[in-house]
1. For segment 140-155, does any single residue satisfy the condition of being in a helix (DSSP H, G or I), of a type in the set (A, V, I, L, M) and more than 17 Å from Gly17 (Cα to Cα)?
2. So the check is Cβ under 8 Å with 6+ separation or different chains; which pairs have a first residue in segment 35-63 that's in the same structural domain as Leu77 (by TED's automatic domain parsing) and in contact (Cβ under 8 Å) with a residue 60 or more places away in the chain and a second one that's away from the ligand (no atom under 11 Å from the Cβ) and in a helix (DSSP H, G or I)?
3. As an exercise: evaluate Met22 against (1) touching a helix residue (DSSP H, G or I) at 6+ places or on another chain (Cβ under 7 Å); (2) crowded, with 22+ Cβ neighbours inside 10 Å; (3) not β-branched (Val, Ile, Thr) and give the number of the one condition it does not meet.
4. Can you tell me how many residues in segment 177-235 are part of a loop (DSSP other than H, G, I, E, B), open to solvent by 40 Å² or more (accessible area, probe 1.4 Å) and hydrophobic (A, V, I, L, M, F, W, C)?
5. Looking at segment 161-176 only, could you name the residues that are assigned to a loop (DSSP other than H, G, I, E, B) and either among the small types (Gly, Ala, Ser) or without any contact (Cβ under 8 Å) to a residue 60 or more places away in the chain (or both)?
Amino acid sequence: MDIQTIGIVGAGQMGNGIAHVMALAGYDVLLTDVSADALQAAIDTITGNLDRQVGRGKVAEADRDAALARIKTTQTLSDLGQSDLVIEAATERETVKQAIFEDLIPHLKPTTILTSNTSSISITRLASRTDRPEKFMGFHFMNPVPVMQLVELIRGIATDKETFAACQAVVDKLGKTAASAEDFPAFIVNRILMPMINEAVYTLYEGVGSVKSIDSSLKLGANHPMGPLELADFIGLDTCLAIMNVLHDGLADTKYRPCPLLTKYVEAGWLGRKTQRGFYDYRGEVPVPTR
Ligand SMILES: NC(=O)c1ccc[n+]([C@@H]2O[C@H](COP(=O)([O-])OP(=O)(O)OC[C@H]3O[C@@H](n4cnc5c(N)ncnc54)[C@H](O)[C@@H]3O)[C@@H](O)[C@H]2O)c1
């Protein structure tokens, strides 16, 4: 199946990154959001990120201009009806995603492939409420999208071979690498990464190490580019907790129980970089551990 036009629902940090890489790879992009401010912020972010890539000699000026010209924005969801592929990257709430699919489906071509960038919601369950479970799958980018090489492609129970192959071809055209995952809670990356982050929080909670010593240990002792607590702050502690809850509920194994200290940080509203405080305090010149 030939994919030329890609509709993206949600213009937040993931949606703008997906629009950026798709346009740079030559796809026509239609980006929608309920918020006009989010659409404007997305275009500003994409422009800034492309300018930085031009500055570093990674993208030619003409390619930046062509990419920006390929991105159109709209606040009308039904405008995405003629897309060959839709990637839903709206807020991580099942009711939000379900309402988007319900509103969009009557306007779609029968051939349109429908996908979600969800980090944790069951692809099979989302697909079962659409008119095309065989043309539905998970298209899971990593943050920040223009930088990270991996895309997880997740089959729902009904996803057909042609749909998977078409999405794989898009990943190839982006110059990224796909990992194929079956639809089980948190897929591959977060199934492995989140329990490690949660264990780092337990290590802090039990007083085995300080924030600094835990992060240094994994950076210098396991060659990780970031420490687990630093990484948790980057991802967002609310997101980490939500994914641990999905693992705990979905796999019904106590080894996935979220650390009470992680819950406490989230209850305090200390969510990491986005709120200026998490395992580190980012309000000064340099990040300072909060424990
Ligand atoms: N942040 C990450 O590290 C990360 C990584 C991989 C996947 N994801 C997934 O990507 C998705 C988006 O995450 P994000 O971090 O970009 O969130 P975000 O909060 O930055 O952006 C979400 C956007 O969706 C918009 N939105 C909400 N309801 C909408 C609707 N009905 N129609 C259209 N737009 C709507 C919001 O206005 C907002 O601009 C989530 O499913 C998340 O799990 C996030």
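1. Here is the first cut: in segment 140-155, the residues in a helix (DSSP H, G or I) are none.
No, because not a single residue in segment 140-155 is in a helix (DSSP H, G or I), of a type in the set (A, V, I, L, M) and more than 17 Å from Gly17 (Cα to Cα).
2. Note: pairs meeting the criteria are Asn49/His20; Gln53/Arg64.
3. All conditions are met except number (1).
4. Restricting attention to segment 177-235, the residues satisfying the condition of being part of a loop (DSSP other than H, G, I, E, B) are 183-188, 206-210, 222-227.
Within this subset, residues satisfying the condition of being open to solvent by 40 Å² or more (accessible area, probe 1.4 Å) are 184, 188, 206-208, 210, 222-226.
Still in the list and also hydrophobic (A, V, I, L, M, F, W, C): 184, 188, 208, 222, 226.
Going through segment 177-235 one residue at a time, the tally reaches 5.
5. At the first step, the residues of segment 161-176 found to be assigned to a loop (DSSP other than H, G, I, E, B) are 175-176.
Scanning segment 161-176 gives a single hit, Gly175.
Here is a yes/no grid of residues against (1) closer than 13 Å to Met196 by Cα; (2) more than 16 Å from the ligand (Cβ to nearest atom):
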{"residue": "Leu237", "(1), (2)": "no, no"}
{"residue": "His248", "(1), (2)": "no, yes"}
{"residue": "Arg257", "(1), (2)": "yes, yes"}
{"residue": "Glu267", "(1), (2)": "no, yes"}
{"residue": "Trp270", "(1), (2)": "no, yes"}
{"residue": "Arg273", "(1), (2)": "no, no"}
{"residue": "Gln276", "(1), (2)": "no, yes"}
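The values are calculated or read from the model by the stated rules, or taken from the named source; none is laboratory data. Fair warning: this is a prediction, and the values are worked out from it, not measured in the lab. Here the Cβ is made from the backbone with ideal geometry for all residues, glycine too, and neighbour counts use every protein chain on show. Only protein heavy atoms, including side chains, enter the accessible area calculation; ligands, DNA and RNA are left aside. Shrake-Rupley method; radii C 1.70, N 1.55, O 1.52, S 1.80 Å.
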